[in-house]
Amino acid sequence: MRWGVIVFPGSCDEQDVYDCLKNNLKQKERLAGRFDCIVLPGGFSYGDYLRCGAMARFSPIMQGVVEFAQKGGLVLGICNGFQILCEAGLLPGALTRNTTLQFICRQVFLRLEETDTPFTCAGKKGQLLKLPIKHGEGCYYADATTLERLHKNRQVLVRYVDARGRTTPVANPNGSLDHIAGVCNEGRNVFGLMPHPEDAGEKILGGEDGLKIFSSVIEACDKQGKSAWLD
Amino acid sequence: MARLSAKQFPQPPVNADTIASHGFSKEEYQRIVQILEREPNFTELGVFSVMWSEHCSYKSSKIHLKLLPTDGPAVLQGPGENAGIVDIGNGLAAVFKMESHNHPSFIEPYQGAATGVGGILRDIFTMGARPIASLNSLRFGAIDHPRTPYLLSGVVSGIGGYGNCMGVPTVGGELLFDESYNANILVNAFTLGIVEKKRIFTGQAKGVGNPLIYVGAKTGRDGIHGATMASEAFSEESEKRRPTVQVGDPFTEKLLLEACLELMKGNCLVGIQDMGAAGLTSSAAEMAARGGTGVELDLSRVPLRERGMTPYELLLSESQERMLLVAKKGKEEQVKRVFERWDLDAVVVGKVTRDRLFRAFFDGVEVVRIPVAALTSEAPVYNRPAERAQSQDEVQRLDLEKIEEPADLGGTLKRLLDSPNVASKEWVFRQYDHYVRSNTVVAPGADAAVIRIKGTEKGLALTVDGNGRYCYLDPYVGGILAVAEAARNLACVGARPLGLTDCLNFGSPERPEVMWQFSQVIQGMRDACIALGVPVVSGNVSFYNETDGVPIYPTPTVGMVGLLPKVARHVTPWFKSPGDIVVLLGRSREELGGSEYLKIIHGLTRGTPPWIDLRLERAVQQSCLKAIDKGLLCSAHDVSDGGLGVALAECCISGPDKPLGARVEPREMMRGDARLFGESQSRIIVSLKGKDLNRLREIAEKEGAPIQAIGEVGGSRLVVHPLVRLPVDELKSIWSSSLERRLK
């Protein structure tokens, strides 16, 4: 398995992702050069001074990421990575300021809505995952047409819920439309989510539910042998 | 950017007015003339004023600070550098320091707090360490003071805004409110980093002829005389000082962090120091002082953000996100390449000289020529008069018989849990990223934060503590209690202290009663440090925390770091399962002086702070630590503000899951309010399985710590027989909503 973790100027969580992938997951070695999955980590790329992810989408590497995705390569965006993927047009919708107008750092529960994707295939439909969020702009928004298409294509992969799996108002930390915490593209090979699976990879850090996302990718790649060039 | 030529900048005259406006006394000015053997020019006057400011020179505190113990088996670097360093084994060291940013944060809360965080982060990575955890200690005025919510939200979002963007988790801290801080808030920021022992860098300008390289952001006019502002008391004029507060740019600092750490992997670097207070002047002068050398600066080469800056402004600017480094001669291009890759300026602005002079040139003309020692080691030192205030006797007077005991002690407990000083601080710390770097084992809200050290089995515990009220009532005892509580907090998670850093926040040193408080606090801290075996490795003094003649409570804050050999063995404060036995280590006394109860319920800040016996303190801490080593404890929680009643409630409700009840009956006989809310020191509430009770008893008896089993975990109520019987759900809802409700 070969992962690529992209470091933008201002990325913060690249080490977390790297360590989690390296230390907490079993996977087979693969040939160098080809990547199975590209991860865009969290952080504040280019300071996020203009709008989250708005500058990063113009960085040269993003052209490569877009082509990689178009060839069917797996791309996972976490937090700022999700914001960048939306800005780059690889994922529908946008992430706006939390309705609380504050940065929020806490544990949340997610409900796995779909399992027929390379990012969720190791889970069960309706399964709950406990992961941390930490963001100021994670309120998911999409217009009515886009939302309808998301539902039709079953692109909403995770929703914010309470400890019993219900979409109650208090379970929605940032005011996201329809409790959406993460979506994939129509091709189901690009996935972005606001919560941080890499910071929930060990019991001593409060849980290992985050591994479900990464082990799904490993399982999918093992089955399909999916990999592509990142130029 | 347009630059001035030497002819274009008229140096204002140096006369009685300009001397006074730079804050010099007549004697100080005479001393300058003596040192230079001539009158200084205006630029030199500015350089002296910042370097001799209280903030940079420690002129009033130096002789007292010498009393603090700074040596210990783990100490690799004590005070005097950018930060202190302790050995944590495995070839690694922990670098940490705490610094105040009080004045700027009151004037401009967001930027003041943000740049406070930025400054302390630079102090850490300048030594070669990657910052991995921050804490902060905050004091605000009364929560119903009209300015408090504005200041608090500004400071909290400033800390979060900077720290989050830097990818450094804020893992803990403390927040207290008192009218004493209405016009002088305290913002003390702490950061810890990890460095390989063999890759530690210091701020030394060594090697004659080596280039001085300016790296990082460009220089503007922000923060000029920030150090001087921090050395003055506030008045109504302070609002006008807003332009002296710097503006932070965490993205640039993040790049600077990565670039510096990358450079440090190579072998180009001789010394490095952050440009903090007094900017280019202090970093260049201090590095030369430590290196036993001189420096020559060419100010015409300093990267500019604004037009037409004068040498005076260039030397005194406190623009953020800048560093000064000394590289090996011939490695200039290598240094530049690293910084170019991160889009940052790296410009040779001078060189190390043999002559031990601080010299600055502008457009070929020498504008400053001062012996380095005159700016550093030979700056004035004062043994200022210290005298106990007459009113001290009066504030210590407290007749318990005149304090009416409330009829409804349950209701009193609820009021205390609702007090913003006691209530949950989640509203604050949920605005800080406390997960990034994936090391956080115990997040904010426990007695101490715990982070693991990747690649080892070890962990570090971190805490910040201080109680201005105790120090106001008795500064000597207050100094002891600050250190003792910090060490106790570490013991509660299972960590043994390695060292501490402090921020000493006081009023004007020109007041004898403030100097008396200061010297008493230092003596108290010293005695506690020696008794508990904790060296002081770094710190900072902030005087002049007063407005219109009224000083704050003397407020030392202590940041302490401890080691857990096996991080997996750490313990948290909350009860774990029904049936566990609740045990009190230590002894309760009938005392209420300086307590949160007296303040909240009776509106009094009086009496003497709780009594302490450092031998008993040590015995209690050792018992807790040894029990944790042996894996006996399910939970451990320090008894502090609000006493046993509040501590028990916190054990029931502060956990991440559903609250758990408990039924206890402490044996000591005394009035009910003292039993529940007295703040007797050296007490820890622990819970454990019944089968382990005897082993805990053996440990405690061997250490000489009093121990009593007081009850059992279970049920849905907290019962302190026969005084209190309350549903824990209700307690939790009061405690967790208090802050948010008040800040709306």
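Structure summary
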quantity: Members of the stretch B:42-85 that are within 15 Å of B:ASP502 (Cα to Cα) and aliphatic (A, V, I, L, M); calculated: B:LEU65, B:LEU67, B:LEU68, B:ALA83, B:ILE85
quantity: Failed item in (1) over 24 Å from A:LYS203 (Cβ atoms); (2) at pLDDT 95 or above; (3) within 10 Å of another protein chain (Cβ to nearest Cβ), with A:ASP48 passing the rest; calculated: (2)
quantity: Residues located in the stretch A:51-80, provided they are within 12 Å of chain B (Cβ to nearest Cβ), part of a loop (DSSP other than H, G, I, E, B) and surrounded by 23 or more Cβ atoms within 10 Å (Cβ to Cβ); calculated: A:CYS52, A:CYS79
quantity: Checking B:ARG569 against (1) surrounded by 19 or more Cβ atoms within 10 Å (Cβ to Cβ); (2) within 19 Å of B:GLU703 (Cβ to Cβ); (3) charged (D, E, K, R), the condition it does not meet; calculated: (1)
quantity: Within the stretch A:190-216, considering residues that are part of a loop (DSSP other than H, G, I, E, B) and in contact with a strand residue (DSSP E or B) (Cβ under 8 Å, 6 or more places away or on another chain), the one surrounded by the most Cβ atoms within 10 Å (Cβ to Cβ); calculated: A:MET194
quantity: Subset of the stretch A:28-45 that is free of Cβ contacts under 8 Å to residues at least 40 places away in the same chain and of a type outside the set (D, E, K, R) - its residue that is farthest from the other protein chains (Cβ to nearest Cβ); calculated: A:LEU31
quantity: Selected residue (only one of B:GLY455, B:GLY478, B:GLY468 is farther than 23 Å from B:ARG615 by Cβ, away from chain A (no Cβ under 14 Å) and not β-branched (Val, Ile, Thr)); calculated: B:GLY468
quantity: Search result, residues across the stretch B:150-168 that are of a type in the set (A, V, I, L, M, F, W, C) and more than 17 Å from B:LEU192 (Cβ to Cβ); calculated: B:LEU151, B:LEU152, B:VAL155, B:VAL156, B:CYS165
quantity: Scope the stretch A:8-24; condition within 9 Å of another protein chain (Cβ to nearest Cβ) and surrounded by fewer than 18 Cβ atoms within 10 Å (Cβ to Cβ); matching residues; calculated: A:ASN23
quantity: Residue list for the stretch B:334-393, filter: part of a helix (DSSP H, G or I) and under 25 Å from B:LEU314 (Cβ atoms); calculated: B:VAL335, B:LYS336, B:VAL338, B:PHE339, B:GLU340, B:VAL372, B:ALA373, B:ALA374, B:LEU375
quantity: Any hit, the stretch B:521-536, residues being surrounded by fewer than 24 Cβ atoms within 10 Å (Cβ to Cβ), farther than 21 Å from B:ARG618 by Cβ and not hydrophobic (A, V, I, L, M, F, W, C); calculated: no
quantity: Residue in the stretch B:471-493 that is modelled with pLDDT of 95 or more, of a type outside the set (Asp, Glu) and outside any helix (DSSP H, G or I) present; calculated: no
quantity: A:GLY138 being in contact with a Leu (Cβ under 8 Å, 6 or more places away or on another chain), in contact (Cβ under 8 Å) with a residue 40 or more places away in the chain and more than 23 Å from B:VAL436 (Cα to Cα); calculated: no
quantity: Tally, over the stretch B:72-120, of residues that are surrounded by fewer than 24 Cβ atoms within 10 Å (Cβ to Cβ), part of a loop (DSSP other than H, G, I, E, B) and among the hydrophobic types (A, V, I, L, M, F, W, C); calculated: 1
quantity: Selection from the stretch B:408-438 of residues that are farther than 16 Å from B:SER736 by Cβ, facing chain A (nearest Cβ under 8 Å) and out of contact with any Phe, Trp or Tyr (no Cβ under 9 Å at 6 or more places or on another chain); calculated: B:HIS434, B:TYR435, B:VAL436, B:ARG437, B:SER438
quantity: Test set (1) part of a strand (DSSP E or B); (2) in contact with an Asp or Glu (Cβ under 8 Å, 6 or more places away or on another chain); (3) under 26 Å from B:ALA484 (Cα atoms) - B:VAL686 fails condition number; calculated: (2)
quantity: Residue in the stretch B:655-673 that is modelled with the highest pLDDT, counting only those that are surrounded by fewer than 20 Cβ atoms within 10 Å (Cβ to Cβ) and either of a type in the set (Gly, Ala, Ser) or not in a loop (DSSP other than H, G, I, E, B) (or both); calculated: B:ARG663
quantity: Any hit, the stretch B:680-700, residues being under 32 Å from the mean Cα position of the chain (by Cα) and of a type in the set (Lys, Arg); calculated: yes
quantity: B:TYR110 vs. criteria touching a residue at least 24 places away in the same chain (Cβ under 8 Å), aromatic (Phe, Trp, Tyr) and closer than 24 Å to B:ILE453 by Cα; calculated: no
quantity: Residue within the stretch B:628-651 that is farther than 29 Å from B:GLY479 by Cβ, touching a residue at least 24 places away in the same chain (Cβ under 8 Å), within 14 Å of chain A (Cβ to nearest Cβ) and touching a strand residue (DSSP E or B) at 6+ places or on another chain (Cβ under 9 Å) present; calculated: no
quantity: Per-region count, the stretch A:96-111, residues under 21 Å from A:LYS130 (Cα atoms), more than 14 Å from every other protein chain (Cβ to nearest Cβ) and either assigned to a loop (DSSP other than H, G, I, E, B) or touching a residue at least 60 places away in the same chain (Cβ under 8 Å) (or both); calculated: 1
quantity: Condition broken by B:SER61, with the remaining ones in (1) surrounded by 19 or more Cβ atoms within 10 Å (Cβ to Cβ); (2) at pLDDT below 95; (3) not hydrophobic (A, V, I, L, M, F, W, C) satisfied; calculated: (2)
quantity: Boolean, B:PRO722 is in contact with a Leu (Cβ under 7 Å, 6 or more places away or on another chain) and of a type outside the set (A, V, I, L, M); calculated: no
quantity: Every residue from the stretch B:548-584 that is in a loop (DSSP other than H, G, I, E, B), of a type in the set (Lys, Arg) and closer than 19 Å to B:SER623 by Cα; calculated: B:LYS566
quantity: Residue that is surrounded by the fewest Cβ atoms within 10 Å (Cβ to Cβ) [pool: residues in the stretch B:416-454 that are among the β-branched types (Val, Ile, Thr) and assigned to a loop (DSSP other than H, G, I, E, B)]; calculated: B:ILE453
quantity: Subset of the stretch A:174-209 [of a type in the set (Gly, Ala, Ser), in contact with a Cys (Cβ under 7 Å, 6 or more places away or on another chain) and within 14 Å of chain B (Cβ to nearest Cβ)]; calculated: A:GLY201
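Listed here are the residues, each with its yes/no results for (1) under 20 Å from B:ASP249 (Cα atoms); (2) surrounded by 15 or more Cβ atoms within 10 Å (Cβ to Cβ).
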site	(1), (2)
B:TYR312	no, yes
B:GLU321	yes, yes
B:LYS328	no, yes
B:ARG337	no, no
B:LEU344	yes, yes
B:VAL349	no, yes
B:PRO371	no, yes
B:GLU387	no, no
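The values are calculated or read from the model by the stated rules, or taken from the named source; none is laboratory data. Nothing here was measured: the structure is a model prediction, and the numbers come from that model. Cβ atoms come from the backbone with ideal geometry, glycine included; neighbour counts cover every protein chain shown.
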